[in-house]
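The values are calculated or read from the model by the stated rules, or taken from the named source; none is laboratory data. Model, not experiment: these values are computed from the prediction. No Cβ is skipped: glycine too gets one built from the backbone with ideal geometry, and neighbour counts run over all protein chains shown. Just so you know, the surface numbers come from the protein's heavy atoms only, side chains and all, with ligands and any DNA or RNA stripped out. Shrake-Rupley method; radii C 1.70, N 1.55, O 1.52, S 1.80 Å.
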Amino acid sequence: MTTETNAAAAAGTWTLGDLTVNRIGFGAMRLAGGVAFSDGPSADRERSIGVLRRAVELGVNHIDTASFYFSPLRSANELINTALAPYPDDLVIATKVWPGRHPSGEWWWASPDQLRGQVEENLRQLGRDHLDLVNLRVPRGRPTGPVAEHFGALAALRDAGLIRHLGISNVTPGQLAEAQSVAPVVCVQNPYGVGSPAEETEFVRACGEQGVAYVPFFAIAGSGQEAGNVAAEPDAVHTVARAHGATPAQVRLAWTLRQGPHVLAIPGTGNPGHLAENIAAGALRLSDEEAGRLLS
């Protein structure tokens with residue numbers, strides 16, 4: 001029986017390098033504001049801090065963040081620092097670099113020699129002397145471009161002790177192989193969930209065969225991406241949800257986790273109720289027939 005204090009462990013664990021995490025984690029993208037990267041209202045500070053502390057109480061020990069997760073008044077990294085420092089010994093905080101945002105919200109992309117500055121900014125905001133895991137987030141505009149120079153710069157920062165483990169995000173199998181030729185890769189972080197293309201499912205399986213964690217983002221939001229799940233849910237999702245007394249979001253998470261023991265989930269929310277629902281999805285088990293129905 002899962003208890004509140006270990007609810008996030010219901011889906012099992014995975015090891016990122018030498019760091020063991022529960023497969024249900026937490027994504028910080030929505031902590032700063034309800035709609036990511038918008039000029040809309042900033043989140044309520046105390047509520048966001050409460051969500052973070054509640055996540056850890058429920059057993060979350062893997063938080064995904066970035067220095068570019070901020071709204072006009074809030075920074076996800078600063079909220080994490082305020083809510084959780086001094087950090088629990090088993091808490092793994094993953095961040096990502098290459099994209100950046102100016103205070104105005106305008107995006108920019110770092111050159112290899114600018115990545116150290118981005119890493120140091122994450123260190124400063126989080127109050128850490130090293131980062132557990134840094135993902136190189138490949139810009140959407142270069143889906144097949146080379147990554148070795150940027151990844152090599154991160155590998156040098158790992159050798160210098162600023163980073164413990166490296167991952168790569170928004171990538172193809174070829175880009176993963178290129179990064180692996182430079183330094184070990186402990187995870188791939190790509191958009192994935194119910195309705196994703198078959199070739200991405202093959203990539204998920206290939207990562208498992210290589211012992212590389214696959215960490216999907218937008219597993220709930222789907223094609224809505226940063227805006228959230230704005231499309232009507234397919235009938236099959238509703239049917240399976242009713243059969244389990246679950247929400248469509250929980251079904252989407254359960255389906256995603258079902259793709260392999262190396263698949264981790266990082267659903268994000270600033271809502272305490274949604275947080276509890278997301279973590280509870282780790283205990284939801286879909287049958288083969290139900291999983292297949294979601295693909296039809």
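Give the residue that is nearest to Gly17 (Cα to Cα), with candidates limited to residues of segment 183-197 that are in contact with a Leu (Cβ under 9 Å, 6 or more places away or on another chain) and outside any strand (DSSP E or B).
Going through the qualifying residues, I end up with Val186.
Taking Gly50 and the conditions (1) among the small types (Gly, Ala, Ser); (2) assigned to a helix (DSSP H, G or I); (3) buried (at least 20 other Cβ atoms within 10 Å of the Cβ), which numbered condition does it fall short on, given that it satisfies the others?
If we test Gly50 against (1) among the small types (Gly, Ala, Ser); (2) assigned to a helix (DSSP H, G or I); (3) buried (at least 20 other Cβ atoms within 10 Å of the Cβ), just (3) comes out false.
Please work out if Thr82 is over 23 Å from Ala10 (Cβ atoms), assigned to a helix (DSSP H, G or I) and of a type in the set (Ser, Thr, Tyr).
Values: over 23 Å from Ala10 (Cβ atoms): yes; assigned to a helix (DSSP H, G or I): yes; of a type in the set (Ser, Thr, Tyr): yes.
Taking the combined requirement at face value, the residue satisfies it.
Cβ-Cβ below 6 Å, separation at least six or inter-chain, first residue in segment 1-30 and under 21 Å from Gly270 (Cα atoms) and modelled with pLDDT of 95 or more, second among the hydroxyl-bearing types (Ser, Thr, Tyr) and surrounded by fewer than 22 Cβ atoms within 10 Å (Cβ to Cβ): which pairs?
Short answer, once both residue conditions are applied: Asn22/Thr13.
List pairs: first in segment 275-294 and in a loop (DSSP other than H, G, I, E, B), second crowded, with 16+ Cβ neighbours inside 10 Å and among the polar types (S, T, N, Q), Cβ under 7 Å, 6+ apart or cross-chain?
Leu284/Gln250
What number of residues in segment 47-92 are more than 24 Å from Gly167 (Cβ to Cβ) and among the small types (Gly, Ala, Ser)?
Matching residues across segment 47-92 total 3.
Can you tell me how many residues within segment 153-174 are among the hydroxyl-bearing types (Ser, Thr, Tyr) and open to solvent by less than 30 Å² (accessible area, probe 1.4 Å)?
Number of matching residues: 1.
Which of the numbered conditions does Ala177 fail, given that it passes all the others? Conditions: (1) over 23 Å from Thr20 (Cβ atoms); (2) open to solvent by 10 Å² or more (accessible area, probe 1.4 Å); (3) among the small types (Gly, Ala, Ser); (4) outside any helix (DSSP H, G or I).
Every condition holds for Ala177 apart from (4).
So which of Ser196, Ser181 is of a type in the set (Gly, Ala, Ser) and within 27 Å of Pro248 (Cα to Cα)?
Ser196
Please specify each residue of segment 239-252 satisfying the condition of being surrounded by 22 or more Cβ atoms within 10 Å (Cβ to Cβ) and either in contact (Cβ under 8 Å) with a residue 40 or more places away in the chain or β-branched (Val, Ile, Thr) (or both).
Val240, Val251, Arg252
In segment 140-152, is there at least one residue being open to solvent by 10 Å² or more (accessible area, probe 1.4 Å) and of a type in the set (A, V, I, L, M, F, W, C)?
Checked segment 140-152: at least one residue is open to solvent by 10 Å² or more (accessible area, probe 1.4 Å) and of a type in the set (A, V, I, L, M, F, W, C).
Is it true that Ser71 is hydroxyl-bearing (Ser, Thr, Tyr), touching a strand residue (DSSP E or B) at 6+ places or on another chain (Cβ under 6 Å) and open to solvent by 10 Å² or more (accessible area, probe 1.4 Å)? Steps first, please.
Values: hydroxyl-bearing (Ser, Thr, Tyr): yes; touching a strand residue (DSSP E or B) at 6+ places or on another chain (Cβ under 6 Å): yes; open to solvent by 10 Å² or more (accessible area, probe 1.4 Å): yes.
Considered against the rule, which asks whether it is hydroxyl-bearing (Ser, Thr, Tyr), touching a strand residue (DSSP E or B) at 6+ places or on another chain (Cβ under 6 Å) and open to solvent by 10 Å² or more (accessible area, probe 1.4 Å), Ser71 comes out as yes.
Mind listing whichever residues of segment 102-117 are open to solvent by 90 Å² or more (accessible area, probe 1.4 Å), in a helix (DSSP H, G or I) and under 23 Å from Ala36 (Cβ atoms)?
Those that are open to solvent by 90 Å² or more (accessible area, probe 1.4 Å), in a helix (DSSP H, G or I) and under 23 Å from Ala36 (Cβ atoms): none in segment 102-117.
Glu78: open to solvent by 20 Å² or more (accessible area, probe 1.4 Å), closer than 28 Å to Arg258 by Cβ and out of contact with any Lys or Arg (no Cβ under 9 Å at 6 or more places or on another chain), yes or no?
Spelling it out, it is not the case that Glu78 is open to solvent by 20 Å² or more (accessible area, probe 1.4 Å), closer than 28 Å to Arg258 by Cβ and out of contact with any Lys or Arg (no Cβ under 9 Å at 6 or more places or on another chain).
Could you pull out the residue among Thr20, Thr95 that is closer than 19 Å to Leu166 by Cα, assigned to a strand (DSSP E or B) and open to solvent by 20 Å² or more (accessible area, probe 1.4 Å)?
Matching residue, one of Thr20, Thr95: Thr20.
Among the residues of segment 119-172 satisfying the criterion of being assigned to a helix (DSSP H, G or I) and of a type in the set (Asp, Glu), which is nearest to Asn190 (Cα to Cα)?
The extreme case among them is Glu149.
Checking Arg54 against (1) modelled with pLDDT under 95; (2) within 18 Å of Ala9 (Cβ to Cβ), only one condition comes out false. Which one?
With (1) modelled with pLDDT under 95; (2) within 18 Å of Ala9 (Cβ to Cβ) applied to Arg54, the lone miss is (1).
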